[in-house]
Amino acid sequence: MTDVETLTHEALELPLEQRARLTERLISSLDDLSKEEAERLWAEEAIRRIAAYEAGHIAAHTAEAVHNAILTRLK
């Protein structure tokens with residue numbers, strides 16, 4: 001596993017509140033990027049996610065399923 005994969009795996013094991021805080025900090029760290037750099041990084045991430053999906057490493061979920069799962073958690 002690469003360092004990013006290891007960190008991702010460890011981050012996904014955190015409780016929801018800690019994952020949310022980590023996500024906020026990571027996103028805020030992108031604020032210093034130029035628009036072009038941010039777009040390039042998001043495009044690279046999209047390419048990685050598509051490749052992972054096509055390789056069968058991640059599953060796709062409909063927006064409705066995601067929405068319903070969120071509503072269930074909030075109950």
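Only the coordinates and a few stated rules stand behind these numbers; no lab work does. Everything numeric here is computed off the predicted structure, so don't read it as measured data. Positions of Cβ are backbone-derived with ideal geometry, glycine not excepted, and every protein chain shown enters the neighbour counts.
Which residue, Ala51, Ala63, Ile27, has the largest displacement toward the positive end of the dipole of the chain when charges sit on each Cβ (Lys, Arg +1; Asp, Glu -1)?
Ala63
Modelling each spin label as a point 7 Å along the Cα-to-Cβ direction, I'd like the Arg40/Ala69 distance in nm, to one decimal.
3.3
With a cut-off of at most 10 other beta carbons within 10 Å, and DSSP calling the residue loop, which GluC sites (Glu not before Pro) in the chain qualify? Please list them.
Sparse-neighbourhood loop GluC sites (Glu not before Pro): Glu13.
With θ set to phi - 60°, apply the Karplus curve 6.51 cos²θ - 1.76 cosθ + 1.60 along the stretch 3-16 and write out the HN-Hα couplings as whole Hz, x wherever there is a Gly or Pro.
Result, ordered by residue: 4, 5, 5, 5, 4, 4, 4, 5, 5, 5, 7, 6, x, 3 Hz.
When the chain is fully extended, how far beyond the present Cα-Cα distance does Leu26 get from Thr2, taking 0.36 nm per residue of separation?
Extra length from Leu26 to Thr2 when fully extended: 6.8 nm.
Only four residue types carry charge here, +1 at the Cβ of Lys and Arg and -1 at the Cβ of Asp and Glu. Report the dipole size of the stretch 3-74 about the Cα centre in Debye, rounded to the nearest 20.
280
Students often get this wrong, so try it: which of (1) 32, 24, 19; (2) 39, 30, 27; (3) 55, 36, 21 is Cα extents along the principal axes in Å as calculated from the structure shown?
Among (1) 32, 24, 19; (2) 39, 30, 27; (3) 55, 36, 21, the one calculated here is (2).
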